[in-house]
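Chemist: Would you mind keeping the following structure in view while I ask a few things?
The numbers here are math on the coordinates, done by the rules we state, and not lab data. Keep in mind the model is a prediction, meaning the values are calculated, not measured. Positions of Cβ are backbone-derived with ideal geometry, glycine not excepted, and every protein chain shown enters the neighbour counts.
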Amino acid sequence: MTAGAAVPDAAGYFGSYGGRLAPEALMSALAELTAAYAEARADPAFQAELAALLTGYAGRPTLLTEVPRFAAQAGGCRVFLKREDMAHTGSHKINNVLGQALLTKRLGKRRVIAETGAGQHGVATATAAALLGLDCVVYMGEEDTRRQALNVARMKMLGAEVVPVTTGSRTLKDAMNEAFRNWVSTVEYTHYCIGSVGGPHPFPMMVRDFQRVIGVEAREQIMQAAGRLPDAVVACVGGGSNAIGIFHAFIPDADVALLGCEAGGDGRETGRNAATLTFGSAGVLHGMRTYILQDADGQTLQTHSISAGLDYPGVGPEHAWLKETGRASYRPVSDSEAMHAFSVLCRTEGIIPAIESSHALAGALQLGRELGPGGVLLVNLSGRGDKDVDIAGRWFGHLGNGSPAQDLPSLTDSPSTGGGTAGTGGGTAGAAW
Amino acid sequence: MVSAVSAAFEKAAAEQRAALIGYLPAGLPSVDGAIEAAIAIAEAGADIIEIGLPYSDPLMDGPVIQEAVHRALTGGTHVADVLDTVRAVAGAGIPTLIMTYWNPVEQHGVGTFARELADAGGSGLITPDLTPEEAGPWLAAAASYDLDPVFLVAPSSSDERIGLITSACRGFVYAASLMGTTGARESVGSEAEGLVRRVRAHTSLPVAVGLGVRDGKQAAAVAAFADGVIVGSALVQRLLAADSPTAGLAGVRELASELASGVRAGR
């Protein structure tokens, strides 16, 4: 299969990745969802309803912003940010949940469930459920419900029930396990609104389609603004939905490099990372065959990232395929590199990015220096950093006992590499997309 | 060749009763302790033993089995221990299968896993997150090593899917009694009997019902319409609740004995 082939195939495979490795009890619902989504995708009325919500409610199209003061730190190339941080609820997650919530109504179901870690997808799902009058239950690791108490409150204000998950490692993957368990017993009236391009077919394809709008808009906008296609498109990758969203429209443009930035955490040596495509291997998790972080027995490993949204031991199967075909490349970005880029964007452009998106910004700083002046980079700013003020404030010493875990970088400094275990900032594992 | 599991169903059928199938994860309370418990359950009247392969993400299991496999994993149970457990239990003359999520088998190598399972005297695999469409390499390996592939059917399965699944099964068909995860329940889903009837329209294989059975009375009720009664969480709960390995053994022996009377009282 080449990068130009229609993917996934009818069984949900992107090359050898994807598929539907799920319990028989869910097969009927997955088949029903596949059929309903195929109908909806071809139905102008559905597409019009979704488009109206995206423009009139979510705030699309989002801006494309050139960031010259940031770019000066990136080898002097031109850098453009796709501003998903400006979308309603503060990240790209809204694109997907509006699509799936409309589909839930179309399926005649009255309840949605979702998994979340830091709470961005949970908040987006609760938002869409409030808008469309659906019951909403969000599964979240118990540890994260404490750490992200404000997002728990947001979800509750929006009318959702938040269920703390106390099993396993009490992180995103366990929240997802718990959501699957609930779905098996409530599937008759419940839709499982998966938050990333993972899970059994048709989720990786469907969520990609709902996020594809990011790249479609950005491609037009950058042609307008720069007069040409970018040399590279850069995005962070946890499960991979914002990355697929911005990559997809550029896949046929062979001269445009696609770079995914994974959570390198503390580095490879410590094992404290979530760089699935860089350090993982092929396996099966959460209904899909993809790259996963696992031991020799196939047990899922514990992950770590300062960014809750990237802290997941699997990745969407289309990314595994893009890696294998060589169409996209992936590199790990450490916690400290990401926090350096976070600070640079704050202080050069007055934009506080999500820590997830800061991994992409760090990748852009590296890639820009590799490209040099004359290069054009498109970076997906997938979310805003309001949710991360506490973590970042502690990392830089603005909060807490006043002793900074990391010195503020001077703008010409290179980030310290690896080993950035901030006493308070580094321990934010567990979490979500 | 007829597997030990198939022979056990034939023997139960000849006795005009359903077979009793007991589940325990390997490594709980220890590798040796699980072997002793499995043998105790068989001595108390179980016809077949399922050894669970402890897995980090058991998304079809309820709280009891989640806790059990968590303890087994933190106790250091590896795939090699699971195969050793099968060797010991099957070696005691007990028909034995492994119940496992798919990733550990794939990482071990499907062919290697099948060969080692056959060498250990195991009869086959029950695969709760693998359906026949995705099972090509496993079905080939099962044929090579004369192992039973056992897939699940659910109340939500269409007749078309029941046909597909039953044609891929050997040994028996595992019918999930309800839409949900493992765990003892007040009553076994009323959907179970209808599901068994639908399965019988497609196959002459024995049909065993699992999920939710916790006592002799329920075992008798299920035995009235099924060829096998599968009990997991209720047995595992006895091990979890015991304050010593000896008490755990006594607990599972007592429950297995009650369940064995149940399947004999069902018809």
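Chemist: How much net charge surrounds A:Y17 when only other residues with a Cβ under 9 Å from its Cβ are counted (Lys, Arg +1; Asp, Glu -1)?
Modeler: It works out to a net charge of -1.
Chemist: Let me know the Kirkwood hydrodynamic radius for the stretch B:23-77, please, with Cα pairs as the basis and the value in Å to one decimal.
Modeler: One over the average 1/r among Cα pairs gives 11.3 Å for the stretch B:23-77.
Chemist: Relative to the Cα centre, what is the charge dipole magnitude of chain B, using +1 at the beta carbon of each Lys and Arg, -1 at the beta carbon of each Asp and Glu, and rounding to the nearest 20 debye? Mind dumping the intermediate values first?
Modeler: Values: 17 positive and 30 negative charges, 136 e Å.
Computed charge dipole of chain B: roughly 660 debye.
Chemist: For B:D243 and A:A130, what is the calculated FRET efficiency with R₀ set at 41 Å and r taken between the beta-carbons, to the nearest 0.05? If you can, show how the numbers build up before the last one.
Modeler: Numbers: r = 49 Å, r/R0 = 1.18.
It comes to 0.25.
Chemist: Where both residues lie in chain A, what percent of DSSP beta bridges are antiparallel, nearest 5?
Modeler: Antiparallel: roughly 30 percent of the beta bridges in chain A.
Chemist: Compute the Rg to Rh ratio over the protein assembly as shown from the alpha carbon atoms, using the Kirkwood formula for Rh, and round to two decimal places.
Modeler: That ratio is 1.01, to two decimals.
Chemist: So, one more: For the stretch B:25-92 and the stretch A:322-353, what is the separation of their C-alpha centers, rounded to whole Å?
Modeler: Their Cα centres are 44 Å away from one another.
Chemist: Using bins 10 angstrom wide from zero, how does P(r) for the stretch A:55-107 break down, in % of all Cα pairs?
Modeler: Result returned by the calculation: 24, 34, 25, 12, 5, 0.
Chemist: Mean shadow of the stretch A:68-182, computed from the convex hull of its alpha carbons, in nm²?
Modeler: Taking a quarter of the hull surface, the average projection is 9.0 nm².
Chemist: Then there is this: Using only atoms on other chains, find how many Cβ atoms lie within 10 Å of each Cβ of peptide A:171-182 and report the average. Write down the numbers at each step before the final one.
Modeler: Details: counts 0, 0, 3, 4, 0, 2, 7, 3, 1, 5, 10, 2.
If you average over the peptide's residues, the count of other-chain Cβ atoms is 3.
Chemist: Okay, next question. Residues with beta-carbon under 11 Å from that of B:L83, excluding B:L83: net charge, scoring Lys, Arg +1 and Asp, Glu -1?
Modeler: It works out to a net charge of -2.
Chemist: Counting only other chains, and only Cβ atoms inside 10 Å, what mean value do you get across the residues of B:145-158?
Modeler: Details: counts 0, 0, 0, 0, 0, 0, 1, 3, 2, 8, 2, 10, 4, 3.
Counting other chains' Cβ atoms within 10 Å and averaging over B:145-158 gives 2.
Chemist: Can I ask one more? For all pairs of alpha-carbon atoms in the stretch A:271-343, what percent lies in each bin of width 5 Å, listed from the first bin to the last filled one?
Modeler: Histogramming the stretch A:271-343 at 5 Å steps yields 3, 17, 25, 23, 18, 9, 3, 1, 0 percent.
Chemist: Which whole number gives the average, over all residues in B:62-69, of C-beta atoms from other chains lying within 10 Å of the residue C-beta?
Modeler: Per residue, the average neighbour count from other chains is 2.
Chemist: Please list, in chain and number order, the residues 5+ apart from A:A257 or on another chain whose amide H is under 5 Å from its amide H, with Hs placed from the backbone.
Modeler: When sequence neighbours closer than 5 places are left aside, the close amide H contacts are A:A232, A:V233.
Chemist: Placing one identical point scatterer on every Cα of the stretch A:178-230 and ignoring solvent, what is log10 I(q)/I(0) from the Debye formula at q = 0.13, 0.22, 0.24, 0.26 Å⁻¹?
Modeler: Listed by q, the Debye log ratios stand at -0.49, -0.83, -0.90, -0.97.
Chemist: Using only alpha-carbon positions, what ratio does the radius of gyration of chain B give when scaled by 2.2 N^0.38 Å? Walk me through the numbers before you get to the answer.
Modeler: Numbers: Rg = 16.5 Å, N = 267, 2.2 N^0.38 = 18.4 Å.
Taking N as the residue count of chain B, the ratio is 0.90.
Chemist: For the stretch A:298-392, report the translational diffusion coefficient in µm²/s to the nearest whole number, using Stokes-Einstein at 10 °C, 1.306 mPa s, and a Kirkwood Rh over Cα pairs.
Modeler: 108
Chemist: How big is the convex hull of the Cα atoms of the stretch B:78-231, per residue, in Å³?
Modeler: Considering the Cα atoms of the stretch B:78-231, their hull volume per residue is 115 Å³.
Chemist: Out of the GluC sites (Glu not before Pro) in the stretch B:183-267, which ones are loop residues according to DSSP with at most 10 other C-beta atoms within 10 Å?
Modeler: On the way: sites: B:E186, B:E191, B:E193, B:E254, B:E258; in loops: B:E186.
Filter output for the stretch B:183-267: B:E186.
Chemist: If the cut-off is 28 Å between C-alpha atoms, which lysines fall inside it for A:K109, apart from same-chain ones fewer than 8 positions away?
Modeler: A:K93, A:K156, A:K173
Chemist: Run the simple label-point estimate for B:T112 and B:K11 please: 7 Å along Cα→C-beta, distance reported in nm.
Modeler: Distance between label points: 3.4 nm.
Chemist: Round to a whole angstrom and tell me the spacing of the C-alpha centers of the stretch A:55-127 and the stretch B:131-161.
Modeler: Comparing the Cα centres of the stretch A:55-127 and the stretch B:131-161, I get a distance of 40 Å.
Chemist: Treating only the Cβ of Lys, Arg, Asp and Glu as charged (+1, +1, -1, -1), what charge dipole size does the protein assembly as shown show about its Cα centre? Round to the nearest 20 debye.
Modeler: 1280
Chemist: Using Stokes-Einstein with the Kirkwood hydrodynamic radius over Cα pairs, what translational diffusion coefficient do you get for the stretch B:83-165 at 25 °C and a viscosity of 0.890 mPa s, in µm²/s rounded to a whole number?
Modeler: The diffusion coefficient I find is 185 µm²/s.
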